[in-house]
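S.K.: Dropping a structure here in structure tokens format, bear with me for questions.
Values in this text are rule-based calculations from the coordinates and carry no lab data. Worth saying up front: this structure is predicted, and the values here are computed from it rather than measured. When we count neighbours, we look across all protein chains shown, and the Cβ atoms used for this are built from the backbone with ideal geometry, even at glycine.
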Amino acid sequence: MAFPNPLSFAKRLLYRPAAPISAEVRARIVHHESSGVAALSPDSEETVAGGALAGEEPEARRRRSRSKGHGDRPAREDGAAPAREFTPGMFGAIPVSGELHAALDDMEYLNPSPIQEGVIPLMKSGRDVVGQAQTGTGKTAAFGIPLVEKLDQTLNEVQAIVLCPTRELAMQVAAEISRLASYCNLRVVCVYGGQPIAKQLEKLSPPPQIIVGTPGRVLDHMGRGTLKLDKVRVVVLDEADEMLDIGFAPDMERILRMTPKSRQTTLFSATMPTFIKRMIDRYMRNPEWVQIQPEQATVPEIRQVYYEVAQRDKLRALQALLREWGEMPRALVFCKMQTTVDRLANDLQRGGHPVEGIHGGMTQGVRTKVMAGFRSGAVKALVSTNVAARGLDIPDVTHVVSFDAPQNAEEYIHRIGRTGRMGRSGLAIMFVSELEDFDVLDQIKVLVGADALARENSAIYVAK
């Protein structure tokens, strides 16, 4: 048997023609070699540069991200993908830039909601705005769209800051604005507590155009000198009443005082406590008010029921309802105290129910894990405080249970607004136990109508 010449065999291996490279791969190689941009993981949750990989140029992003229905485009003769051309369009009756129109198309936002119809034109014109709307009405896009349109993409300086009461809401808002800016060269950085600050420090240099964060962590960065607000053009206070309830009132005022007086200020609040009204008078210039009509606060698809239950019997009453329903529904269960959340979640878990608790006393890692389970469906129900629930926007919730009665009628409206979304039916249940609960019950009946809120007897009090 003849063996091949080793030298000729090696030559064949070394000089074998390379496999052809596709136009798409060639375009990526050309881009990375010319721009010096390294491929980075798209999993970052703190920073999004216009919805792109960190450091990616807008042109590369446009080649990478295409709106639905456009498909792949043929490469040019030089191997690079052709630049996408954007045509200005309309969001309902609101004119928007081509880049924003493409992003709205990707997000399947066809027509503005009432709060968006009212707020967007006012913010684009430079007016200060006060908006009253509950979660799920499209508030984030109401201020996010004007931010994307108004800010200067060529300046590496903080031009807008959005303050939120909770980490979850801040992350949600930052992600939404990033999607709106997916075809723009705008960077969005989210800063919040519960995460090592060193990770956020890396994202703040060079400065992004938009900061979204909780007041405490924003002040922390300001104190370190890693965040400067002297160039801010727009300030947004989202869920201002909740920031007040948490104790962020001094922080909100301190941050506002560190921004230019010429800034534009937009404030959203479900309720209007006296302090919030004072802030509006002190820090806003002749604001326009955009309010959802009271009759829109609840929808007929939500069935509202209350039970008069002794404080010591509330767990038994909830367990009786679960037996009646047959299985744990997709639910939010509200409690006043973090300790109550922990205790109730543990009690329900011992009964074999797929339930988790969430509140501000938990670490960010635990909260993130809980939310991932809830969104995936592994966790059927969340037991939560009012504050923790402010950052949650999950449209398929079918049941809202006020295990502890709300403190006022406005809080009740905000709770039950978590169900009955987009024409779906929903059930809102409230346990009335303490003497002050009956005062709140009377307020709720005035607001929603006595006929809308039905009293039922708990099965634990029905004689067998």
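S.K.: Which residues' amide hydrogens lie under 5 Å from the amide hydrogen of R303, considering only partners 5 or more residues apart or on another chain, with H built in the peptide plane?
M.R.: Under 5 Å from the amide H of R303: G426, L427, A428.
S.K.: Do you know the relative contact order of segment 150-300, to the nearest whole percent, from alpha carbon pairs under 8 angstrom that are 6+ apart?
M.R.: Relative contact order, segment 150-300: 26 percent.
S.K.: Would you list, by chain and number, the lysines whose Cα falls below 28 Å from the Cα of K139, excluding same-chain residues fewer than 8 positions away?
M.R.: Filter leaves K68, K124, K150, K203, K228, K231, K261, K277, K336, K369, K380, K445.
S.K.: For segment 296-461, what D do you get in µm² per second when you plug the Kirkwood radius from alpha-carbon pairs into Stokes-Einstein at 25 °C and 0.890 mPa s?
M.R.: Rounded to a whole number, D works out at 154 µm²/s.
S.K.: Neighbouring Cβ atoms within 10 Å as the yardstick, rank C190, C335 fewest first.
M.R.: Lowest to highest Cβ neighbour count: C335, C190.
S.K.: Further, regarding this structure: Let's see if you can work this out: charge +1 on each Lys and Arg Cβ, -1 on each Asp and Glu Cβ, no other charges. What is the dipole magnitude of segment 134-209 about its Cα centre, in debye to the nearest 20?
M.R.: 140
S.K.: Between segment 220-266 and segment 113-168, what is the separation of their alpha carbon centroids in Å?
M.R.: Spelled out, the Cα-based centre of one part sits 15 Å from the other.
S.K.: Can you list residues from other chains, or at least 5 along the same chain, whose modelled amide H is less than 5 Å from the amide H of T385?
M.R.: Amide H neighbours of T385: C335, I358.
S.K.: If Lys and Arg each add +1 and Asp and Glu each add -1, what is the summed charge of the other residues whose beta carbon sits under 12 Å from the beta carbon of L227?
M.R.: Around L227, the surrounding residues sum to +2.
S.K.: Calculate the dipole size of segment 296-461 relative to its Cα centre from +1 charges on Lys and Arg beta carbons and -1 charges on Asp and Glu beta carbons; express the result in debye to the nearest 20.
M.R.: For this selection, approximately 680 debye.
S.K.: Now a separate question. About its Cα centre, what dipole magnitude does segment 215-322 give when the only charges are +1 on Lys and Arg Cβ and -1 on Asp and Glu Cβ, stated in debye to the nearest 20?
M.R.: 600
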